[in-house]
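One structure is given below, encoded as structure tokens.
The values are calculated or read from the model by the stated rules, or taken from the named source; none is laboratory data. None of the values given here were measured: they were computed from a predicted structure. Ideal geometry is used to build each Cβ from the backbone, glycine not excepted, and the neighbour counts take in all protein chains shown. We work out accessible area using only protein heavy atoms, side chains counted, and drop any ligands, DNA or RNA first. Shrake-Rupley method; radii C 1.70, N 1.55, O 1.52, S 1.80 Å.
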Amino acid sequence: MTKENLDNKQNKMHDKIYKHALNNGLIKQKPFIEPIYDGVADISSYLLSEPKIMWILKEPYDDFTISGKPKGGSWYLTEHLKNPMIWKDLNMWKVMIQINYAIHNNLKWCELDYIEKNKEMAEELKKIAYINVSKMPADTASPNVHMWECYEIWKNILFEQIILYNPDIIIFGYTFQFFKDDLKITDKPISTTSGQWSTDIYRKENMILIDAYHPSRKGGENSSYNYVTSVIKGYKKILCKE
């Protein structure tokens, strides 16, 4: 697929997300709530990257009313990801950068630079397909019952996005449970890493599916190291078997 073609299709997908939210009664004026549009920030870099990586996380958040209810939206995560300093906002971005950079450069944790010293690493966020299960502004916590409801609302859009971006790897940030049955995953994982930060990896035709925890999960002072190492080790096990 060419850059122009994917860019055009992504714009159409953003229009489709808005119409889907409108048809499902999710768009409101008081408080103001509209979708937050996800996808790829730098389409040329995404298409040139090997392997092409998609992250599927839970839901975005923007702002809150005085009573604490989510509001906002009508902006593009694809533009937000172009900010070279975004990784300083949340540790989640830093973790995702480290994993992507390690995969694209065949590195272990101990071989990774500090992002502060290697600005090239931050470019990784531009060339991923970043997808949320829900497209609407939400709270910072995402209970499973709520996420199942979101998944049912957005399921068709989500699978259209997977087909559109055609990734080689999908990293599910504690979202694999929602997709597993519809992906028809019945076999045991072909690779797994054990322990508190266990990561299971599956094959679906030409895609590698990584069932991992959410990249913002807390778990002690070494949580980032443990998370990144678990995902990288799991991925490298796949490479050794193929």
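Just to verify a result, which residue in segment 157-178, among those that are in contact (Cβ under 8 Å) with a residue 60 or more places away in the chain, open to solvent by 10 Å² or more (accessible area, probe 1.4 Å) and assigned to a helix (DSSP H, G or I), is nearest to Ile103 (Cα to Cα)?
In this case the residue turns out to be Ile162.
Among the helices (runs of 4 or more DSSP H) lying completely within segment 10-115, list those that include at least 2 residues that are modelled with pLDDT of 95 or more and of a type in the set (A, V, I, L, M, F, W, C).
By residue number, 43-48, 91-105.
Examine segment 218-236 for a residue that is part of a helix (DSSP H, G or I), open to solvent by 30 Å² or more (accessible area, probe 1.4 Å), modelled with pLDDT under 90 and of a type in the set (Lys, Arg), and state whether such a residue exists.
yes
If the Cβ limit is 8 Å and pairs must be 6+ apart or interchain, which residue in segment 222-239 that is under 13 Å from Gln196 (Cβ atoms) pairs with which residue that is β-branched (Val, Ile, Thr) and modelled with pLDDT under 85?
As it stands, the answer is Ser230/Thr193, since those pairs meet every condition given.
Kindly evaluate Asn144 against the criterion of being under 30 Å from Ile27 (Cβ atoms), touching a Leu at 6+ places or on another chain (Cβ under 7 Å) and not small (Gly, Ala, Ser).
On the way: under 30 Å from Ile27 (Cβ atoms): yes; touching a Leu at 6+ places or on another chain (Cβ under 7 Å): no; not small (Gly, Ala, Ser): yes.
The answer is no for Asn144.
Could you tell me which residue of segment 89-144 is surrounded by the fewest Cβ atoms within 10 Å (Cβ to Cβ), considering only residues that are among the hydrophobic types (A, V, I, L, M, F, W, C) and over 18 Å from Gly173 (Cβ atoms)?
The initial filter retains those residues of segment 89-144 that are among the hydrophobic types (A, V, I, L, M, F, W, C), namely 90, 92-93, 95-97, 99, 102-103, 107, 109-110, 112, 115, 121-122, 125, 128-129, 131, 133, 136, 138, 141.
Of the ones still in play, those that are also over 18 Å from Gly173 (Cβ atoms) are 107, 109-110, 112, 115, 121-122.
Values: Leu107: 14, Trp109: 16, Cys110: 7, Leu112: 18, Ile115: 19, Met121: 22, Ala122: 20.
The residue in question is Cys110.
All but one of (1) of a type in the set (D, E, K, R); (2) in contact with a Leu (Cβ under 9 Å, 6 or more places away or on another chain); (3) under 27 Å from Trp148 (Cα atoms) hold for Asp63, so report the exception by its number.
(2)
Looking only at segment 108-156, count how many residues are free of Cβ contacts under 8 Å to residues at least 12 places away in the same chain and of a type in the set (A, V, I, L, M).
Here the count works out to 2.
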